[in-house]
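Read-outs throughout are calculated quantities, based only on the coordinates presented, and are distinct from any laboratory measurement. Please read these numbers as outputs of a predicted model, since none were measured by experiment. Because the Cβ atoms are built from the backbone with ideal geometry, glycine has one as well, and the counts that use them run over all protein chains shown.
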Amino acid sequence: MIQAALVRPGWWRALAYFLIGSGFGFALVIGLRAIAGLDLFQTEQTGYPHIVVPAITGPLGFLVGIGCFDYWFRWASGAPTIPDDHADHGARTWRDYFKVNTDHKVIGVQYVCTTFFFFFVGGFMAMLIRAELAQPGTQIVDPGVYNGLFSTHAALMIFVFVIPVFAGLANYVLPLMIGAPDMAFPRLNALSFWMLPVAGALFLASYFVPGGAFDAGWTGYAPLSTGAPLGQSFFNLGVQFAGASSVATALNFLVTIITMRAPGMTLWRMPLLVWANLSTSLLVVAATPFIAGVQFMVLFDRVLNTNFFESAFGGDVISYQHIFWFYSHPAVYIMMLPGFGIVSEVISTHARKPIFGYRLMALALIGIVILSYTVWAHHMFVAGMFSWLRVPMMITTLLIAVPTGIKIFSWLGTLFEAKIHLKSTAMLFALAFIVTFTIGGISGVMLGMIPIDIHVSDTYFVVAHIHFVLFGGSVFTIFAGVYHWFPKMTGRMYDERLGRVHFWGTLIGTWGTFVPMHWIGMEGMPRRVADYASEFGAWNLEISIAAFILGAVQLVFLYNMIVSWRYGPKAGPNPWRAKTIEWQVSSPPPIFNFDEIPRVVGGPYEYGVPGARHAIMAGEKAEVKPPERTEAGIGAAS
Amino acid sequence: MESASVAAGAHTADDHDHHGPPEAHQSSRIDRQTLGILLFIITEAMLFGAFFASYFFLRVVANEGSWPPEPFELPVAVAFVNTLILVSSSFTMHWALESIRAGNKRGLQMGLVTTLLLGGTFLFIQLNEYIHVGFSARDDAFGSIFYGLTGLHGAHVFVGLTLLAIATTRAFRGHFGSDAKDHLGVEVPGIYWHFVDVMWIIVFTTVYIL
């Protein structure tokens, strides 16, 4: 019985291999140190190799044990591979969601649920932060713990919520949208998912090591991070796992989109969500290695005592920021472009109109991809970097507003004179996104201008900006996407009344929390400090109250999702009467998506165009002849 | 490598299609595995980019004097010989691939084994250089970035050798054939191996010559 549990891939074997992996790493370090004649335990402030190395080998053991590598190991050993019986494909009970599964739909649900778990953990940290900041002085947590709280809050939200939740939503709908039976590399897809809880667990584990959670902010600037206590190493490692996960997913998306589109699905017939994930994946593949590289360097400086950032020994501190932002500025578009895609789907469907300027919408995405590599140093105007780099970076930063503006105006053009379906919570979030994101974008343009940036650097103005674009921007689109595809994923409808409560609470909470932060930021309240001058007390109390409202309504969302998933009324295959392919199959879709690959005959958003078809499903008679259009059915602006 | 499932020779999925998903429509001339490895190489190149960025910051911005800084010296001649060894392994890799394209399984095996031996020799000489070079990664930022760049590359050689070792095992078991889809398991690691070689030429030129 026990033996069988340890042979079969699953949680018992994962636990066993985790322990074996950790033990191996520990023994390796101690053994090597004994051979070299060093102290067995190096516990100077940053070292701890006997904990850092097991923190790498243990998670790897977990991934092997849970079964991510079984097939590859069999293949690598030269053994004949077992013909795939698809036993690990699809979920029959809820237990299947806790196993390694190669079905993109199961992986999508796994992704979304895991990331929302971290969203609520990170949100709880935000509540603690706001509780501490409700009054001047320190009441709830001491300043050291506070630093750990805002650092882990940001790391969780960025690396294991916003970035991967988009990958999760797209994992579910993208193969369906392009008429593919699955992703290009289903096993790699499963591995991508399972690296994610590992990353989140590493971030959280940092609370339990000597010195407490990492507290150098999510940016982990050297030399603050190279001299920080042990928890910082867990940040370095967590970022590696999250980064590897997101690179593998991006690669998977790119190959899927390029090689597995249904017949007739030309580039200019792809839904904008597909375009958005194509451009996001290009960013991830080319930018994420930079944060991996720089976190390795920090880890080496910390554990191996190298001198990458040690200026006394010829190291260069500023190089950390350059390399870090060369990833992390594109990363803000990694966190935004998939949201643009979701909003395009939602708005076009619920406004019952073709997307205005479809081709320009797609090209604007590509424009953002290219420009986003040229703006990284606008985060460093006050860092003491080369002064000649400032103005070029300012200009490119302002230029990004052009493709972004094209998208905003195209959404408005789509909404213009449309029959807007306001009953849908997804649409409400999409509309609120346009307004909130535009304001966040404008404060971004302000921050891109050197004089303003110097004035408000490291103040709450920056906090307000990032939350307007990341919460009012990305998270609103995530909610829009979750509500929009909830019927498709679960086969049931959510409660629109509770959805509206969630929407209005979130909208009021977001604005109440983050609008006043602009003002106190202009006045000079510094960010990342547990205490503040008493003149800011009134606004901070208001901000905290609004933040608590914001936090509380997320529980309504959670309740709505869980209860509707279990007891909601059955949703038909296409409750929104949408045109894209994922809505032409049952809800939830059949285990292999299609019996036969559909044939695409027109653009994806031909609402209100008489006789227009996007795709012809298998079994359907193709008596509807696609309308003769030179532009292959691109949504011409009404 | 996902190419596994395709390159597995005798065990294709033909006999149980009716249980499985429909065959995906192939919307591009390039196959998934080759495109996948090319994209992965972009990622890898960018990882090297991070270390090259660090290298040039340290060299140009932080250490304006002579480079390498005063006491350090690099064994350029040894590294050059090593470069020749690694570059020649790219040719033997190509020989292996051309052999299997022509259906010559013996040539495939010999080509792969030679490539493995050359790559192993490269790593051995590299490790030997580390032992005798006279400074460690802790000695100044120069030592850190020297070991950082060459070590990162060495790790890639190791990964490449692992992939080639897998291909070699399968080559000796006769799993590859002359059809393009039957030797992806050689072609894909081969592409990666060429990347490792080209990357070494860039690392060598930057670190030892420039």
Calculate the spin-label point distance for A:Ile395 paired with B:Ile201, positioning each point 7 Å from the Cα along the beta-carbon direction, and give it in nanometres.
3.5 nm
Net charge of Cβ neighbours under 10 Å - reference A:Thr259; Lys, Arg +1; Asp, Glu -1
+2
Give me a single rounded figure for B:166-177: the average over its residues of other chain Cβ atoms within 10 Å of their Cβ.
2
Over 21 Å (Cα to Cα) - which of A:Lys423/A:Lys579; A:Lys419/A:Lys570; A:Lys105/A:Lys423; A:Lys419/A:Lys579; A:Lys105/A:Lys353 fall in this group
A:Lys419/A:Lys570; A:Lys105/A:Lys423; A:Lys105/A:Lys353
Using helices alone, what [θ] at 222 nm do you get for the protein assembly as shown, with -39,500 (n - 2.57) per DSSP H run of 4 or more residues, divided over all residues and rounded to the nearest 500?
-21000 deg cm²/dmol
Under the Karplus relation with 6.51, -1.76 and 1.60 and θ = phi - 60°, whole-Hz ³J(HN,Hα) for the stretch B:183-195, x at Gly and Pro, equal 10, 4, x, 9, 5, 5, x, x, 4, 4, 5, 4, 4
Please rank A:Ile562, A:Ile20, fewest neighbouring Cβ atoms within 10 Å first, as an exposure proxy.
A:Ile562, A:Ile20
What percent do you get for the relative contact order of chain A when only Cα pairs under 8 Å and 6+ apart count?
14 percent
Which value in nm describes the separation of the simple spin-label points at B:Ala77 and A:Asp39, placed 7 Å from the Cα toward the beta carbon?
4.4 nm
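Over all residues in A:280-293, what is the mean tally of Cβ atoms on other chains that come within 10 Å of each residue's Cβ?
4
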Along the three principal axes, how long is the stretch B:30-209 when you take its alpha carbons, biggest first, rounded to the nearest angstrom?
57, 31, 21
About the Cα centre, and with charges only on the beta carbon of Lys, Arg (+1) and Asp, Glu (-1), how big is the dipole of the protein assembly as shown? Nearest 20 debye, please.
2140 debye
Please enumerate, by chain and number, the lysines with C-alpha under 26 Å from the C-alpha of B:Lys181, excluding those fewer than 8 residues away in the same chain.
B:Lys105
Overall Cα dimensions of the stretch A:101-567, principal axis frame, Å, largest first
61, 46, 44
Just to verify a number: FRET efficiency for A:Trp539 and B:His94, C-beta to C-beta distance, R0 = 45 Å, to 0.05?
0.10
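When ranked by the protection proxy of mean other Cβ atoms within 10 Å per residue, highest first, what sequence do the peptides A:352-358, A:332-338 form?
A:332-338, A:352-358
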Among all stretches of chain B without exposed GluC sites (Glu not before Pro) (DSSP loop, at most 12 other Cβ atoms within 10 Å), which one is longest?
B:74-210
For B:Val87 and A:Ala79, FRET efficiency with R0 = 35 Å and r from the beta-carbon atoms, rounded to 0.05?
0.55
Quick P(r) readout (the stretch B:147-210; Cα-Cα; 10 Å bins; whole %) gives 21, 40, 24, 13, 2
Kindly provide the Kirkwood hydrodynamic radius of the stretch A:2-77 in Å, to one decimal, from all pairs of distinct alpha carbon atoms.
13.5 Å
Check which residues have an amide H placed less than 5 Å from A:Arg492's amide H, if you skip close sequence neighbours.
A:Ala571
Given a Förster distance of 45 angstrom, what is the FRET efficiency for A:Glu496 paired with B:Phe56, based on the Cβ-Cβ distance and rounded to 0.05?
0.20
What do you get for chymotrypsin sites (Phe, Trp or Tyr not before Pro) in the stretch A:418-510 restricted to DSSP loop and a cutoff of at most 13 other Cβ within 10 Å of the site's Cβ?
none
Charge tally in the Cβ shell below 10 Å around A:Phe308, where Lys, Arg are +1 and Asp, Glu are -1, A:Phe308 excluded:
-3
Once both label points are put 7 Å beyond Cα along the C-beta direction, the B:Thr121-A:Leu6 separation in nm becomes 4.5 nm
Hey, what's the Kirkwood Rh for the protein assembly as shown if you take every pair of different alpha carbons, in angstrom?
28.4 Å
To make sure I understand, if each residue's beta carbon is the centre and we count other beta carbons within 10 Å, what order do A:Cys113, A:Cys68 fall in, fewest to most?
A:Cys113, A:Cys68
Sort B:79-89, A:195-205, B:45-55 by packing, meaning the average of other beta carbons within 10 Å per residue, with the highest value first.
A:195-205, B:45-55, B:79-89
Unit charges at the beta carbon, dipole of the stretch A:299-360: most positive-side option, A:Gly357, A:Phe340, A:Gly315:
A:Gly357
Averaged over the residues of A:311-324, the number of partner chain Cβ atoms within 10 Å of each residue's own Cβ comes to 5
Proxy reagent accessibility, fewest Cβ within 10 Å first, across A:Asp182, A:Asp215
A:Asp182, A:Asp215
Pull up all non-local amide H partners of A:Met265: gap of 5 or more, or a different chain, and H-to-H distance under 5 Å with H placed in the peptide plane.
A:Val600
Hey, if you drop one equal point scatterer on each alpha-carbon of the stretch A:179-294 and run the Debye formula without solvent, what base-10 log of I(q)/I(0) do you get at q = 0.14, 0.19, 0.21 Å⁻¹?
-0.67, -0.96, -1.08
